[in-house]
Amino acid sequence: MVEAVGQRVECQWCHGQNPVDAQSCATCGAPLDVRNLVSDSGWREAPRLRDMTEFHFGSSSCQVEGELVPVAEITLSPQDGIFFEHHVMLWKDQTVPVGVMPLQGMMKRSFAGMPHIITTARGPGRIAFSRDATGELVVLPLHPSMELDAREHAFLLASHTVQYSYTRIQGMRTALFGGQGMFMDRFIAAGQPGLLILHGYGNVFERTLAAGQSILLEPGAYLYKDSSVQMTVESQKLTTGLFGGTGLHMVRMTGPGRLGMQSMYVHHATE
Amino acid sequence: MASNPPQPPGQGSPNWGSPANPAPPGQGSPNWGTPAGPTPPDQVHQGWSPPPGSQPPPQPGMPFAPPGMPFALPQPPPAMAQPPAQPAAPAGSYTCAWCGMSSQNPGGSCPSCGAPVDVRAIQDTSGWTQLPAVKDMARIQFGQSTCQIAGTVVPVADVSLDGGESVFFMHHTLLFREDGVKIDTLKLRGGWSRMLAGMPLVMVQASGKGHIAFSHDAAGEIVALPIQVGSGVEVREHTMLIASGATAYDWVMSGIYFTTLKGQNEQETHYPMGQFLDRFSAPRAPGLVLLHAKGNAFVRRLGPGETMLIKPTALLYKDLSVSMHLHFEHPAGAYQSWRSWGNRYLWLRCIGPGRVAVESAFVPVEDPGLDLMGSSPATRQQW
């Protein structure tokens, strides 16, 4: 998971530059002394962050604790902040102030089942987060002008430099059968770099689709994608004679861009 | 189809031990729900001890039936040929300690089941062998196709179909597929019964050339079971991930149930390990079955007549030669009355010879805590 560049090594996950003797990437925490695990079909496993790995964003740091349901423990500096859904908070210092991020379209979010409230926290102090099932933390440093979509409720936290919005999923069939509901979270690093941490259930795999290249994915397995990746739903009727059968709906993801997949997913009832 | 179809509620056993129809003294063995004296330890697994002159005590494998009702003798296990003995492996070959298959130059893992070759089997002192975790990105060969196991928490079975092979699966385990892989419905008999039993109504077959991947919805392990010609396994429902097209699939009654009184007169039938079992066999060519075990998987090889109590919901798979029935265990000192079930533990008693595998993350057995009205063949122990 490393490529030597002069006296520095480049992380193959986030392309951050690190000292040659570093064990893990200072930007995303990926181990630098293990090779990429890529399946024959082209999916790359997201790096398994070692217990107690620490990485940095802005003037703050994040330490990953645990391996089954990992915890992201954030040490916030006074000039940094983060935002998150309030139900992923695990613990925090009493002195860390929290607030609410103003959001637009509250009625739409309510109808779409998205969280009404996005909570913010500012430094100094420590605050920690975790989700409710076995999985992996996916650390995605966002470079300026990068746009990334994530399935709703998948994001654990993002740094305050990241712009948060949501995008309506195009097409009624995609909204109904795409496993996403009507909206996806969208994270944009407009003027300065930022950090986004997702929690994927089970194992997480990433694949970079070339322009026009596509793959059919179980809707519940979709975790994140570059905003350039297009998503449509394709359906197939599986019949069983007198009993009718069922409909099988899969999302076709078409590149260019990155696509993230989680191996444990909620199977959405199709009919 | 397996034997012992359950009796429909309301048509089965009389209400022994119930206030409406207590079992006559000296008749019938079970005395469900009535206080019973402690069973001497030497009666463990010996079933009930009815008074002289009554029906003979049920033996393991015999049905639990009320007095005056004929025993419905269970049918013998299906006549499946025993797997042929493995020929002696040539020098330099590798024989997998997990699946018993031989291969040449296996690399890092067994090509038949993916088990690592560089680890020793982990066997605890009681005889259970822990499934060696399949290495990340290990490949399993079946025909000209391969299956790569990716991930370690909720592993993915990434199948590369060569064009000549196919796999079948339950549609909700599908993760992704490429355009070259076509899927269609696999014809199944007994759709009505499957629907009533909560089993998937649709089994899907994938063929063509390309990649198709599968995963389950819980942390665990993928267990690869190569099926030799003439042999087979029975698998608890909903644990199958995929099976190769050469594998024959059938589903059989589990024959494990008990009934309780629901309301005043209605009986409710409970299936602690599900109403059906999936059965996989290889009638003409070797097959491959992949299961998803929640938590860790352990296997134990029982000798002829050797018994083992396991939780019904923990069963992962068993050889066809292994028979099983219910076992009720009552701890000493537990309060019981004619209206109370007291404290009982529900077990599945497996009898060798053959393999029995369990998964460590299992859901608790559903026991409504009511007096038993009847059950499938069962043994009982009162401590």
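The values are calculated or read from the model by the stated rules, or taken from the named source; none is laboratory data. It should be emphasised that the depicted structure is a prediction, and the values quoted were computed from it without experimental measurement. Using ideal geometry, Cβ is built from the backbone for each residue, glycine included, and neighbour counts are taken over all protein chains shown.
At a glance:
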read-out	value
Strands (runs of 3 or more DSSP E) fully within segment B:250-295 counting 2 or more residues that are surrounded by 19 or more Cβ atoms within 10 Å (Cβ to Cβ) and of a type in the set (A, V, I, L, M, F, W, C)	B:258-262, B:276-281, B:287-294
Given (1) surrounded by 21 or more Cβ atoms within 10 Å (Cβ to Cβ); (2) more than 30 Å from residue B:222 (Cα to Cα); (3) modelled with pLDDT under 85, index of the condition residue A:121 fails	(3)
Within segment A:35-44, tally of residues that are out of contact with any Ser or Thr (no Cβ under 8 Å at 6 or more places or on another chain), of a type outside the set (Phe, Trp, Tyr) and at the interface with chain B (Cβ under 10 Å from one of its Cβ atoms)	5
Given (1) within 14 Å of another protein chain (Cβ to nearest Cβ); (2) crowded, with 17+ Cβ neighbours inside 10 Å, index of the condition residue B:179 fails	(2)
Selection within segment A:133-151 - within 14 Å of another protein chain (Cβ to nearest Cβ) and in a loop (DSSP other than H, G, I, E, B)	A:133, A:134
Residue tally, condition part of a strand (DSSP E or B) and either without any contact (Cβ under 8 Å) to a residue 24 or more places away in the chain or out of contact with any Leu (no Cβ under 9 Å at 6 or more places or on another chain) (or both), over segment B:203-234	1
Options A:75, A:53: the member that is buried (at least 21 other Cβ atoms within 10 Å of the Cβ), more than 14 Å from every other protein chain (Cβ to nearest Cβ) and over 18 Å from the mean Cα position of the chain (by Cα)	A:53
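Results for (1) within 12 Å of chain A (Cβ to nearest Cβ); (2) modelled with pLDDT of 90 or more; (3) surrounded by fewer than 20 Cβ atoms within 10 Å (Cβ to Cβ), shown as yes or no for each residue.
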residue	(1), (2), (3)
B:128	no, no, yes
B:149	yes, yes, no
B:161	yes, yes, no
B:190	yes, no, yes
B:195	yes, no, yes
B:207	no, yes, yes
B:211	yes, yes, no
B:229	no, yes, yes
